[in-house]
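K.L.:
Structure in structure tokens, see below.
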Amino acid sequence: MSALRGYRILELAEGAAGEYCGKLLADFGAELIKIEKPDGSATRALGPFAGGVNADAQERSGLFAYLNTGKRSVTLDLASDAGRATLHQLLGRVDAVIDDHAPGWLASLGIAAQTLDQRWPALVACAITPYGQDVPDERRHAEDLNVLHASGWAFHTPSASDPQRPPLKGPGRFLPSYEAALDAALCVVAALYERETSKQGRFIDIAKQDVMASRVDYVLGQMIAGDMDVSSNRRAFDLFGPAGIFACRDGYAYIWMSAPLHWDALRQLLGDPEWMRSFPERWLERECTPERVAQCRHYIAEWLKGELKEDVAARAQKLGLTLVPVNDPSDLVDSPQYAFRHYFADVAHPVLGMARYPTVPYQLSATPARIGGAAPRLGAHTQAMLKELAP
Amino acid sequence: MTSNAPAARGGPLAGVRVLELTKVWAGPYAGKLFAFLGAEVIRVESLESLDVTRSFGVADLDKAPGFRAVNPQKLSVQIDMKKGEGIALILDLLQHCDVLIENLRPGAVKRLGLGYDAVKAVKPDIIYVSMGMWGSAGPLSYQTGYAPCFAALGGVSALVGYEDEAPAGMNVRYADSTYGTAAAYAAAVALLHRRRTGEGQFVDVSAVECMTSMIGDEVMDYTLTGRVPVSAGNRHPDMAPHGAYPCAEGEWISIAVASDAAWQALVTAMQQPALATQYPTLAARKAHEAEIERRLSEWTATHDASELVATLQQRGVAAAKSASSVDLVADAHLWTRGFYREVEDGGETRSIVGPSWTMTRAAEITHGAPKLGEHNDYVFGELLGLSPDKRRELADAGITR
């Protein structure tokens, strides 16, 4: 049996954060009941789209398909009294509820930290929002982009930023949402753990800004303690040295160099070239000047542009040089290591057809995570659920 | 006799004990999350193979800033892992633990005699969390790397960069903490399973896969449509404009327009209402995005970033200042929420980065990072019940310090 089997979780969320959190729980066998408004979750309207233009518009979203595997879909109009009454019935029968609407939305449905003990004493309620339930008025409007900027990550991305060019948003559309979903799922499971004996629920308030800022605790923790200088410099998070991304014949490679052993490995790999002899032996640690970094990067660039990324990485790794290919999704689908770990799973979706889905980054020997079926059609489980609730 | 045991702090994982055989950031981050949820987290440290963050940039091992930043609320025990008696002591200690987290180099725990089989033999229901760049087995599991390698291999770096240029990647600090969080979640799931069934297990976490999980929908784009996604600056398929725009004094503002109404509010603030009729829909704005961004940048460049955020927020436009490190430590909301908080640290008060959550009946967070071997008395005396003579013997032999 998988680890969360037997738990029933109500998902009110309709963003990437809450839906991904629900997915992380569903993958371990929890029963996820997804409440959707009559015209469907907001993520159903977001791409990538597939399945042909004649297909039902609400069932064409690859995003929704990815985030909602293994869930049941129940449509409910929470703006109506009847819809809210059904919701309250459901709340009495589930172990946890997950939401990612704006602060205060859950409270408007009667689920709030202050009153949870009286109204739903055994319920674990988790809300994910950009800045927390106590958001100040001047932050009320926020997308993931804004959160990434408020957390400091964007200002310092990329490393070695050019102050004249805009800070970068990070990969894809939803980095802060996915990150926050991890913290949310962790807290929900921890709360369920304690609830096994205490029978008590808990209100969990996850702020995406705090999630992202805590991801840089190694730096920010030093800054807040006064051990590291703060500044308006875009490079305040950086490590210095010749590390970076370089073009190869067939794409890009990332090279890391910080210690003499890396320098020695590079020398071996390049056959002790003339230019390396002009560098002091332990320059990476002791004499890492901007001029040497630029010079070193120049020679590395010249060398790597004639190499194949996989091939040069394999030779480098064998010598102890940390050089890796910069992979794109097609490389990942072809990765022998991902194949070995079965990182991708084939899922058949009634509209999108058969496709490879990324799974989760952990393997549990006794209770492996598994995709429990394709994402549900809108409202596919409404009738069954209403029947179950009928007196 | 007074107890050396740490005071009860409450929280959902109160009563859980975690042993860390970790280095640098990712493993310690996972342990920190457990400590913040109420678990007792013990770091085994060995002077003979010290974590570099213990000594980086300082002479005093108890004052290393990086170590202190990532290890608040933990306990530290000093055991020589290069000696057989030290390993035996760790195995004894594991009999009193629920979770082991390790992120040593590939194969290291097995060579030390602390692999899953060895630990399971003395503690059958242990939750053994193994963290490796590629996971613990497979054709590439021998490889090692640092955080930016995880991001490059896992597909994150390729998606961060300016349009039509080589990928630039996330800031070099990205990846370890995400990886640590995924490991902590998987370990918590395993703990819950053990509470319900009594069964322990092996949890095998891959740093590279953690990175791919942060771009899952981009990977789906490829597997569904065959398109290989690339970095596109700050552009977003569902919003326009969407980006970072220059303000006065070299500052930047982030603006994300997710609806036609927000667009109208923005152009009203810009006092350029004609733009609303010119580009009324997302499709129209996407088709003329460069022109829109140019006009937006001209306008933002003359304003103070914080004032502009306030103006746009009042009108319902999603906007935030791009926070520098000065802005971050001065962020009043982060202080109000208790994200930054003060703890006791060697008789002094120290500010730390707290958890990303608030919750009812949360664990108290009371202490900073431990001094090297600070909790030897508690661990050897109270947990293992070793006599003073035995402990002196171990100390004399250099097994403990």
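The values are calculated or read from the model by the stated rules, or taken from the named source; none is laboratory data. These numbers were taken from a predicted model, which means no experiment stands behind them. Cβ sites come from the backbone with ideal geometry, for glycine too, and all protein chains shown count toward neighbours.
K.L.:
Considering only the range A:377-391, I want to know if a residue exists there that is at pLDDT below 95, surrounded by fewer than 18 Cβ atoms within 10 Å (Cβ to Cβ), more than 18 Å from A:K34 (Cα to Cα) and of a type in the set (A, V, I, L, M, F, W, C).
P.N.:
Yes, there is a match, as at least one residue in the range A:377-391 is at pLDDT below 95, surrounded by fewer than 18 Cβ atoms within 10 Å (Cβ to Cβ), more than 18 Å from A:K34 (Cα to Cα) and of a type in the set (A, V, I, L, M, F, W, C).
Rundown of residues vs (1) facing another protein chain (nearest Cβ under 9 Å); (2) of a type in the set (A, V, I, L, M); (3) in a strand (DSSP E or B), yes/no style:
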| site | (1), (2), (3) |
| --- | --- |
| B:V18 | no, yes, yes |
| B:G31 | no, no, no |
| B:G38 | yes, no, no |
| B:F67 | no, no, no |
| B:E85 | no, no, no |
| B:I90 | no, yes, no |
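K.L.:
Given the conditions (1) closer than 20 Å to A:A369 by Cα; (2) within 7 Å of chain A (Cβ to nearest Cβ); (3) surrounded by fewer than 24 Cβ atoms within 10 Å (Cβ to Cβ), which single one is not true for B:T178?
P.N.:
(3)
K.L.:
Residues that are polar (S, T, N, Q) and within 12 Å of chain B (Cβ to nearest Cβ): which helices (runs of 4 or more DSSP H) entirely in the range A:310-391 hold 1 or more of them?
P.N.:
Where helices (runs of 4 or more DSSP H) fall fully within the range A:310-391 and carry at least 1 residues being polar (S, T, N, Q) and within 12 Å of chain B (Cβ to nearest Cβ), they are A:329-334, A:336-340.
K.L.:
What do you reckon, is A:R84 touching a residue at least 24 places away in the same chain (Cβ under 8 Å), surrounded by fewer than 16 Cβ atoms within 10 Å (Cβ to Cβ) and under 29 Å from A:D134 (Cα atoms)?
P.N.:
no
K.L.:
Report yes if A:P167 is touching a helix residue (DSSP H, G or I) at 6+ places or on another chain (Cβ under 9 Å) and without any contact (Cβ under 8 Å) to a residue 12 or more places away in the chain, otherwise no.
P.N.:
It is false that A:P167 is touching a helix residue (DSSP H, G or I) at 6+ places or on another chain (Cβ under 9 Å) and without any contact (Cβ under 8 Å) to a residue 12 or more places away in the chain.
K.L.:
Filtering the range B:49-64 down to residues that are touching a Ser or Thr at 6+ places or on another chain (Cβ under 9 Å) and buried (at least 20 other Cβ atoms within 10 Å of the Cβ), which residue is nearest to A:A259 (Cα to Cα)?
P.N.:
Per the stated criteria, the residue is B:D51.
K.L.:
What's the number of the condition B:R294 fails, among (1) touching a residue at least 24 places away in the same chain (Cβ under 8 Å); (2) more than 30 Å from A:M354 (Cα to Cα)?
P.N.:
(1)
K.L.:
Checking A:A185 against (1) hydrophobic (A, V, I, L, M, F, W, C); (2) under 23 Å from B:V230 (Cβ atoms); (3) at the interface with chain B (Cβ under 7 Å from one of its Cβ atoms), which test does it fail?
P.N.:
Against the list (1) hydrophobic (A, V, I, L, M, F, W, C); (2) under 23 Å from B:V230 (Cβ atoms); (3) at the interface with chain B (Cβ under 7 Å from one of its Cβ atoms), A:A185 comes up short only on (2).
K.L.:
Determine if the range A:47-70 includes at least one residue that is away from chain B (no Cβ under 14 Å) and buried (at least 22 other Cβ atoms within 10 Å of the Cβ).
P.N.:
Checking the range A:47-70: at least one residue is away from chain B (no Cβ under 14 Å) and buried (at least 22 other Cβ atoms within 10 Å of the Cβ).
K.L.:
When the range B:181-195 is examined, which residues are found to be basic (K, R) and either facing chain A (nearest Cβ under 7 Å) or touching a Ser or Thr at 6+ places or on another chain (Cβ under 7 Å) (or both)?
P.N.:
The answer is B:R195, and nothing else.
K.L.:
Among the residues of the range A:29-45 satisfying the criterion of being touching a Lys or Arg at 6+ places or on another chain (Cβ under 8 Å) and of a type in the set (A, V, I, L, M, F, W, C), which is nearest to the other protein chains (Cβ to nearest Cβ)?
P.N.:
Restricting to residues being touching a Lys or Arg at 6+ places or on another chain (Cβ under 8 Å) and of a type in the set (A, V, I, L, M, F, W, C), the top hit is A:A30.
K.L.:
Would you confirm, using the coordinates I've provided, whether A:L91 is touching a strand residue (DSSP E or B) at 6+ places or on another chain (Cβ under 8 Å) and under 23 Å from A:E179 (Cβ atoms)?
P.N.:
no
K.L.:
Can you tell me how many residues within the range A:194-204 are surrounded by fewer than 24 Cβ atoms within 10 Å (Cβ to Cβ) and facing chain B (nearest Cβ under 7 Å)?
P.N.:
Count: 1.
K.L.:
Out of the range B:121-150, which residues are more than 9 Å from chain A (Cβ to nearest Cβ), of a type in the set (V, I, T) and either under 28 Å from A:G244 (Cα atoms) or part of a helix (DSSP H, G or I) (or both)?
P.N.:
Listed by number, the list holds a single entry, B:V122.
K.L.:
May I pose another question? Yes or no: A:E307 surrounded by 15 or more Cβ atoms within 10 Å (Cβ to Cβ), acidic (D, E) and touching a residue at least 12 places away in the same chain (Cβ under 8 Å)?
P.N.:
Judged against the criteria, A:E307 is a match.
K.L.:
Here's another thing I want to ask about it. Is it fair to say B:A26 is surrounded by fewer than 24 Cβ atoms within 10 Å (Cβ to Cβ) and either closer than 13 Å to B:P72 by Cα or out of contact with any Pro (no Cβ under 9 Å at 6 or more places or on another chain) (or both)?
P.N.:
no
K.L.:
Would you point out which residue out of B:A118, B:A166, B:A158 is in contact (Cβ under 8 Å) with a residue 12 or more places away in the chain and within 14 Å of another protein chain (Cβ to nearest Cβ)?
P.N.:
On inspection, the qualifying residue turns out to be B:A158.
K.L.:
Looking at the range A:111-154, which of the residues that are among the small types (G, A, S) and closer than 24 Å to A:A30 by Cα is nearest to the other protein chains (Cβ to nearest Cβ)?
P.N.:
So, considering only residues that are among the small types (G, A, S) and closer than 24 Å to A:A30 by Cα, the one nearest to the other protein chains (Cβ to nearest Cβ) is A:A113.
K.L.:
Hey, another quick one. Looking only at the range A:1-13, count every residue that is farther than 16 Å from A:L123 by Cα, surrounded by fewer than 22 Cβ atoms within 10 Å (Cβ to Cβ) and not polar (S, T, N, Q) and tell me the total.
P.N.:
Residues in the range A:1-13 being farther than 16 Å from A:L123 by Cα, surrounded by fewer than 22 Cβ atoms within 10 Å (Cβ to Cβ) and not polar (S, T, N, Q): 2 in total.
K.L.:
I'm trying to understand the selection: among the residues of the range B:352-368, which are within 18 Å of the chain's Cα centre (by Cα) and at the interface with another protein chain (Cβ under 9 Å from one of its Cβ atoms)?
P.N.:
Within the range B:352-368, B:I352, B:V353, B:G354, B:P355, B:S356, B:W357, B:T358, B:G368 meet the criteria.
K.L.:
Further question on the same structure: Could you tell me whether the range B:320-332 includes any residue that is within 10 Å of chain A (Cβ to nearest Cβ), in contact with a helix residue (DSSP H, G or I) (Cβ under 6 Å, 6 or more places away or on another chain) and on the phi > 0 side of the Ramachandran plot?
P.N.:
The answer is no, given that none of the residues of the range B:320-332 is within 10 Å of chain A (Cβ to nearest Cβ), in contact with a helix residue (DSSP H, G or I) (Cβ under 6 Å, 6 or more places away or on another chain) and on the phi > 0 side of the Ramachandran plot.
K.L.:
Separate question: Cβ-Cβ under 6 Å, sequence separation 6+ or interchain: first residue in the range A:322-338 and among the charged types (D, E, K, R), partner modelled with pLDDT of 95 or more and part of a helix (DSSP H, G or I). Which pairs?
P.N.:
These pairs meet every condition: A:D328/B:A158.
K.L.:
Here are some residues: A:A213, A:A253, A:A265, A:A247. Which one is closer than 29 Å to B:I352 by Cβ, of a type in the set (A, V, I, L, M, F, W, C) and either within 7 Å of another protein chain (Cβ to nearest Cβ) or touching a strand residue (DSSP E or B) at 6+ places or on another chain (Cβ under 9 Å) (or both)?
P.N.:
Selected residue: A:A213, the only one of A:A213, A:A253, A:A265, A:A247 that is closer than 29 Å to B:I352 by Cβ, of a type in the set (A, V, I, L, M, F, W, C) and either within 7 Å of another protein chain (Cβ to nearest Cβ) or touching a strand residue (DSSP E or B) at 6+ places or on another chain (Cβ under 9 Å) (or both).
K.L.:
Related question: Check off (1) more than 7 Å from chain A (Cβ to nearest Cβ); (2) within 15 Å of the chain's Cα centre (by Cα) for B:A232 and give me the number that stays unchecked.
P.N.:
(2)
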